[in-house]
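Worksheet for the structure shown next.
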Amino acid sequence: MDALDRVVKPKTKRAKRFLEKREPKLNENIKNAMLIKGGNANATVTQVLKDVVSMKNITRPFEDQTSLEFFSKKSDCSLFMFGSHNKKRPNNLVIGRMYDYHVLDMIELGIENFVSLKDIKNTKCPEGTKPMLIFAGDDFDVTEDYRRLKSLLIDFFRGPTVPNIRLAGLEYVLHFTALNGKIYFRSYKLLLKKSGCRTPRIELEEMGPSLDLVLRRTHLASDDLYKLSMKMPKALKPKKKKNISHDTFGTTYGRIHMQKQDLSKLQTRKMKGLKKRPAERITEDQEKKSKRIKKN
């Protein structure tokens, strides 16, 4: 049994807190990523990894995944990016994610063109800025490999989940375009200009990095395992509220159950036109007396 897999009983309070952090949770922690430089990585791949770090040991992921799973469990990281370079696969990037400290999805990308952050002399966004992700191209919705790649990129770059965001905080755009078998990755800074009205005019300024990628090998999880990894715990599922429905526009409708009402006792607005005449009152009194006599 692996040293990391065996059951360990904590001897101190600090060790107990550490093991409690590793236990399964209803709300997942913010996903951390490992960026691994291969033993044969060249300057291009190294610079790509450095630029990804600014945005956010020798191993071969497709041949042997044990080292990745070991580092994932040791550092509590569910995402990884591995860079390498060789004659058969030059300028190689492998991006993947873990489920229960085992490789779930892994996609290999080749770098055909690269422009670094340093090469584009523009102002940059501050570190920790939450990006807006844009995916263009039919392949991201049609092809299974590209669909998984889209999900993987969203996991990798989305950042922490926040309840609210201010308009001025929307200043960072990551654009992915799938066209003719290639993926074009561009990074822009969003500028809010005066437009003469309440809504500002938006301009995009490229700030880097810029990559032209090509899809190579893939290692995708089976449909059953993928569904299991996406399963939501029962405690987090919203409870269905009775007698409440929503239409296509998001309007909420509610149904109220009430007892049968006696409309004859309903209090109405008193108006002169609705007052009963003396003749009508006499007939009503006579009818009530006749009913009482019949009952007796």
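The values are calculated or read from the model by the stated rules, or taken from the named source; none is laboratory data. All values derive from a computational prediction rather than experimental measurement. A quick note on method: Cβ atoms are made from the backbone with ideal geometry, for glycine too, and the neighbour counts reach across all protein chains shown. Surface accessibility is based on the protein's heavy atoms, side chains included, excluding ligands, DNA and RNA. Shrake-Rupley method; radii C 1.70, N 1.55, O 1.52, S 1.80 Å.
Among the numbered conditions (1) under 28 Å from the mean Cα position of the chain (by Cα); (2) loosely packed, with under 10 Cβ neighbours inside 10 Å; (3) farther than 30 Å from residue 168 by Cβ, the only one that residue 250 does not meet is (3). Going through region 79-109 one residue at a time, which ones are of a type in the set (D, E, K, R), farther than 12 Å from residue 68 by Cα, open to solvent by 10 Å² or more (accessible area, probe 1.4 Å) and at pLDDT 85 or above? If the condition is that a residue be of a type in the set (D, E, K, R), farther than 12 Å from residue 68 by Cα, open to solvent by 10 Å² or more (accessible area, probe 1.4 Å) and at pLDDT 85 or above, then 87, 88, 89 are the ones that fit.
Residues in region 231-246 that are surrounded by fewer than 10 Cβ atoms within 10 Å (Cβ to Cβ) and under 24 Å from the mean Cα position of the chain (by Cα): 231, 232, 234, 235, 236, 237, 238, 239, 240, 246. Residues in region 136-163 that are closer than 19 Å to residue 103 by Cβ, more than 11 Å from the chain's Cα centre (by Cα), surrounded by 15 or more Cβ atoms within 10 Å (Cβ to Cβ) and not hydrophobic (A, V, I, L, M, F, W, C): 148, 150. Only one residue in 174, 179 is at pLDDT 90 or above and exposed (fewer than 15 other Cβ atoms within 10 Å of the Cβ). Which one? Testing whether each residue is at pLDDT 90 or above and exposed (fewer than 15 other Cβ atoms within 10 Å of the Cβ) leaves just 179.
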